[in-house]
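The values are calculated or read from the model by the stated rules, or taken from the named source; none is laboratory data. This one's a predicted model, so the numbers in the text were calculated from it and none came from an experiment. Here the Cβ is made from the backbone with ideal geometry for all residues, glycine too, and neighbour counts use every protein chain on show. Keep in mind that these areas ignore ligands, DNA and RNA; they rest on the heavy atoms of the full protein, side chains included. Shrake-Rupley method; radii C 1.70, N 1.55, O 1.52, S 1.80 Å.
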Amino acid sequence: IHGTPSASELARALAMSTRTLQRRLAALELTLSDVLDSTRQRLAEGYLRDHSMGLAEVAYLLGYREQSSFYRAFRRWYGCTPTEWRAAHPPE
């Protein structure tokens, strides 16, 4: 799956029906958007610690069609740009 997966694609990948996926998320008081956003945020941290990866590549790997969409999401998560975050977090 690349980009933003639909609920049916995600359910299929998890070997369950779309409705079962929705019920399980609701039981955890989560939405599919919450899970996708959280997953992208955690992955972004790992990708940005790899200084050999360009920001356009990170945005692509996270499923953003535009690098600007990644920047907006990142600023919402951390209050700074990916470049600023990367400068403050050296590679591991």
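Could you list, in sequence order, the residues of the range 61-76 that are in contact (Cβ under 8 Å) with a residue 40 or more places away in the chain and open to solvent by less than 40 Å² (accessible area, probe 1.4 Å)?
Our first condition is that a residue be in contact (Cβ under 8 Å) with a residue 40 or more places away in the chain; within the range 61-76, this holds for 63, 65.
The one that is in contact (Cβ under 8 Å) with a residue 40 or more places away in the chain and open to solvent by less than 40 Å² (accessible area, probe 1.4 Å): Gly63.
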### Task
Quick one: in the range 1-25, of everything that is under 27 Å from Arg72 (Cα atoms) and open to solvent by less than 70 Å² (accessible area, probe 1.4 Å), which residue is modelled with the lowest pLDDT?
Gly3
### Query
So, of the residues in the range 30-60 that are touching a helix residue (DSSP H, G or I) at 6+ places or on another chain (Cβ under 6 Å) and under 20 Å from Ala7 (Cα atoms), which turns out to be surrounded by the fewest Cβ atoms within 10 Å (Cβ to Cβ)?
Gln41
